[in-house]
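Student: Below are the structure tokens for one structure; questions will follow.
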Amino acid sequence: MPLTPLDIHNKEFNRGFRGYDEDEVNEFLDQVIKDYESVIREKKDLQEKLTKMEEKLSYFTNIEETLNKSIVVAQETGEEVKRNANKEARLIIKEAEKNADRIINEALAKSRKVMLDIEELKKQSSVYRTRFRMLIEAQLEMLKNEDWDQLMPPEEEEEEYQLDETKENANVT
């Protein structure tokens, strides 16, 4: 058991022949008591500081552990978000590719239909042109036919022309 300042203060020495000077011993013991009390107070203060520091250390250790756990959770969450984003991106790309294929197929089908329509129109145009040519040629043949000359004598044509012109002038006014 360690000495206390009271132990030092209460310590009595046996007196012997030609022993120590009592005043000098008492002075020295008083000095030892003061120094020892000072050391004990300092030790107590240091123990209190140590206790406070250990509490702070424990607090900061807890914070450190919490932060480390938070970092791990954040990293895991980040990885999960990244995996989900990649998965979603792949799905979006697949959907876009499907839509692109559908659009291309629709465009090809429309293109084929337009090409068929163009071919049909070309055929119809050719038939129409041929029929129109034949009609005009038939009309020209009819005009070239001498039967027209026989239907109306030349003098009557002139009179009829003048009569038509007179009627038109009368209608105009």
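Student: Pick from the range 66-91 the residues that are among the acidic types (Asp, Glu) and more than 14 Å from the chain's Cα centre (by Cα): which of them is most open to solvent (accessible area, probe 1.4 Å)?
Tutor: Filtering first and then ranking leaves 76.
Student: Same structure, new question: Could you tell me whether any residue of the range 84-98 is assigned to a helix (DSSP H, G or I) and touching a helix residue (DSSP H, G or I) at 6+ places or on another chain (Cβ under 9 Å)?
Tutor: There is no residue in the range 84-98 that is assigned to a helix (DSSP H, G or I) and touching a helix residue (DSSP H, G or I) at 6+ places or on another chain (Cβ under 9 Å).
Student: At pLDDT 85 or above and of a type in the set (Phe, Trp, Tyr): does that describe residue 60?
Tutor: Numbers: at pLDDT 85 or above: yes; of a type in the set (Phe, Trp, Tyr): yes.
So residue 60 fits the description; yes.
Student: Could we say that residue 62 is open to solvent by less than 100 Å² (accessible area, probe 1.4 Å) and among the polar types (S, T, N, Q) here?
Tutor: Values: open to solvent by less than 100 Å² (accessible area, probe 1.4 Å): yes; among the polar types (S, T, N, Q): yes.
Yes; evaluated as a whole, the condition is true for this residue.
Student: Looking at 94, 11, which is the one that is open to solvent by 100 Å² or more (accessible area, probe 1.4 Å) and modelled with pLDDT under 90?
Tutor: Testing whether each residue is open to solvent by 100 Å² or more (accessible area, probe 1.4 Å) and modelled with pLDDT under 90 leaves just 11.
Student: Follow-up question, since we're still on this one. So which pairs qualify, if the first residue must be in the range 4-29 and of a type in the set (S, T, N, Q), the second must be open to solvent by less than 100 Å² (accessible area, probe 1.4 Å), the Cβ gap must be under 8 Å, and the two must be at least 6 apart or on different chains?
Tutor: From the range 4-29, the pairs are 4/40.
Student: Another question, if that's okay. Answer yes or no: is there a residue in the range 19-39 that is among the β-branched types (Val, Ile, Thr), open to solvent by less than 100 Å² (accessible area, probe 1.4 Å) and at pLDDT 95 or above.
Tutor: Looking only at the range 19-39, we keep the residues that are among the β-branched types (Val, Ile, Thr), and these are 25, 32-33, 39.
Subsequent filtering for residues that are open to solvent by less than 100 Å² (accessible area, probe 1.4 Å) retains 25, 32-33, 39.
If we keep only those that are at pLDDT 95 or above as well, we get none.
No, the range 19-39 contains no residue that is among the β-branched types (Val, Ile, Thr), open to solvent by less than 100 Å² (accessible area, probe 1.4 Å) and at pLDDT 95 or above.
The values are calculated or read from the model by the stated rules, or taken from the named source; none is laboratory data. The shown structure was predicted, so the numbers you read here are calculated from the model rather than taken from an experiment. Please note: Cβ atoms are built from the backbone with ideal geometry, for glycine as well, and neighbour counts cover all protein chains shown. Accessible surface areas use protein heavy atoms only, side chains included; no ligands, DNA or RNA. Shrake-Rupley method; radii C 1.70, N 1.55, O 1.52, S 1.80 Å.
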